[in-house]
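Visitor: This is the structure I have questions about; it appears just below.
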Amino acid sequence: MIGFLVFLGIIVFIVLMCVVLYNSLVTLRNRYKNAYSQIDVQLKRRYDLIPNLVETAKGYMKHERETLELVIKARNQAVSANQKAAAAPGDASAMQGIVSAETALTGALGRMFALAEQYPDLKANQTMSQLMEELTSTENKVAFARQAYNDAVTEYNIGREKFPNVLIANSFGFKEATLFEITTPQEREAVKVSF
């Protein structure tokens, strides 16, 4: 009888240990998903500012229609990629898509800002100055949100790789999450806003 109780106690202990490990992995996974939602909020703010910037610039940059259309196209692609990443934060293909789309958008904005410098009236426009200031602030918030997301993903990945967590993680489909990494030198350059 004592042997049976000891055996039962060991089984209960193992089950409780599995429950605790599973719950800790769920907590870590939800933290990185929440961290991505913070990126999502800032990116949406950024995406909402861009059409206003383009509209303000249109009146002054009539001969730069191609550049302005490129900015809007890149913005729309980034919105689409962000929606896919928001649906599956941590997924490698979704994260690669958002990084690529953000790179294209940053490049298009950079070209627009470089051309805008050739238009003194645009540089002096109060609305354009305010939008540029908001965009700069949003870029900083996106950077902080990305850092928080990467910290949460790292914590999750470490948690799922530890023993005995790895046994629970593999059994219940806790897949490795992907960092929001910048892979090319062009992507590392922030949008330069100088008016």
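The values are calculated or read from the model by the stated rules, or taken from the named source; none is laboratory data. Treat the numbers as computed from the prediction; the structure is a model and nothing was measured. Glycine also receives a Cβ, built like all others from the backbone with ideal geometry; neighbour counts cover every protein chain displayed.
Visitor: Quick check on region 149-158. Is at least one of its residues within 25 Å of Arg75 (Cβ to Cβ) and either crowded, with 19+ Cβ neighbours inside 10 Å or among the polar types (S, T, N, Q) (or both)?
Guide: yes
Visitor: Turning to a different aspect of this structure: Within the set of pairs 6 or more residues apart or between chains, which connect a residue that is free of Cβ contacts under 8 Å to residues at least 12 places away in the same chain and surrounded by 15 or more Cβ atoms within 10 Å (Cβ to Cβ) inside region 121-142 to a residue that is not in a helix (DSSP H, G or I) and not hydrophobic (A, V, I, L, M, F, W, C) with Cβ atoms less than 9 Å apart?
Guide: Cβ pairs passing all conditions: none.
Visitor: Of the conditions (1) in contact with a Phe, Trp or Tyr (Cβ under 8 Å, 6 or more places away or on another chain); (2) at pLDDT 90 or above; (3) basic (Lys, Arg), Lys162 fails just one. Which one is it?
Guide: Result: Lys162 fails condition (1) only.
Visitor: As an exercise: evaluate Pro89 against (1) under 22 Å from Gly173 (Cα atoms); (2) in contact (Cβ under 8 Å) with a residue 24 or more places away in the chain; (3) exposed (fewer than 15 other Cβ atoms within 10 Å of the Cβ) and give the number of the one condition it does not meet.
Guide: Among (1) under 22 Å from Gly173 (Cα atoms); (2) in contact (Cβ under 8 Å) with a residue 24 or more places away in the chain; (3) exposed (fewer than 15 other Cβ atoms within 10 Å of the Cβ), the lone unmet condition for Pro89 is (3).
Visitor: Then there is this: If you check Tyr149 against the conditions, is it closer than 30 Å to Thr27 by Cα, in contact with a Pro (Cβ under 8 Å, 6 or more places away or on another chain) and not polar (S, T, N, Q)? Steps first, please.
Guide: Numbers: closer than 30 Å to Thr27 by Cα: yes; in contact with a Pro (Cβ under 8 Å, 6 or more places away or on another chain): yes; not polar (S, T, N, Q): yes.
Yes: the conditions hold for Tyr149.
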